[in-house]
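In what follows, a single structure is set out as structure tokens and then discussed.
The values are calculated or read from the model by the stated rules, or taken from the named source; none is laboratory data. All values derive from a computational prediction rather than experimental measurement. All Cβ positions, glycine included, derive from the backbone under ideal geometry; neighbour counts span all protein chains shown. Quick note on the areas: whole protein, heavy atoms, side chains included, nothing else; ligands and nucleic acids left out. Shrake-Rupley method; radii C 1.70, N 1.55, O 1.52, S 1.80 Å.
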Amino acid sequence: MNKRLINNIKNLKFKAFDNYGKVINGMSWHKISYDKINGGFGSYFLKMEFDSKSLFHKHNGFKEFLIIKG
């Protein structure tokens, strides 16, 4: 990343989460530096509504999470 990026989570535009080939109900995201082409590395904000579930998937690296509410 070349420049410092400051985000206010209240002003972000979230899009339907479709990283696994289809939209997942109850999940939306805002990409920061994430790039699926580079192996799926990078950062993004992810919202998961109550009772939403992700699809089964394998992590090839590490993930970091910051739980804001829930």
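Remark: the chain is approximated by an ellipsoid whose semi-axes, taken from the C-alpha gyration tensor as √(5λ), come to 19, 17, 12 Å, largest first. Taking a straight Cα-Cα cut-off under 21 Å and skipping sequence neighbours fewer than 8 places away in the same chain, the lysines within cross-link reach of Lys47 are Lys10, Lys13, Lys15, Lys22, Lys31, Lys36, Lys58, Lys63, Lys69. Have a look at Leu55, Leu12, Leu46 and tell me which one the Gaussian network model of the chain (Cα, springs below 10 Å) gives the largest fluctuation. Per the Cα network of the chain with a 10 Å cutoff, Leu55 tops the list. Here the chain exposes an accessible surface that is 54 percent carbon and sulfur, computed with a 1.4 Å probe and the other protein chains kept in place.
In Å², and per residue, what accessible area does the chain have when probed at 1.4 Å with the other protein chains present?
Numbers: 6520 Å² over 70 residues.
Using a 1.4 Å probe on heavy atoms only, each residue of the chain averages 93 Å².
Between Phe45 and Val23, the modelled labels are 2.0 nm apart [label points 7 Å from Cα along Cα→Cβ]. If a spin label sat at a point 7 angstrom from the Cα of Asn11 along the line to its beta carbon, no backbone N atom of region 46-70 would be nearer than 18 Å.
Here's the picture: charge each Lys and Arg Cβ at +1 and each Asp and Glu Cβ at -1 in region 2-70, and of Val23, Ile9, Gly39 the one pushed furthest to the positive end of that dipole is Ile9.
Quickly rank 34-42, 14-22, 56-64 as a protection proxy: mean count of other C-beta atoms within 10 Å, highest first. Numbers along the way, then the final one.
Details: 34-42: 11.0, 14-22: 13.0, 56-64: 6.3.
Descending packing order for the listed peptides: 14-22, 34-42, 56-64.
Can you tally the net charge around His30? Count Lys and Arg as +1, Asp and Glu as -1, for every other residue whose Cβ sits under 10 Å from the Cβ of His30.
Details: positive: Lys13, Lys15, Lys31, Lys47; negative: none.
It works out to a net charge of +4.
Using alpha-carbon pairs under 8 Å, 6+ residues apart, how would you state the relative contact order of region 23-70 in percent?
Details: 46 pairs, mean separation 17.0, N = 48.
After rounding, I find 35 percent.
Positive contributions from Lys and Arg (+1) and negative ones from Asp and Glu (-1), summed over other residues with Cβ under 13 Å from the Cβ of Tyr20, come out at +3.
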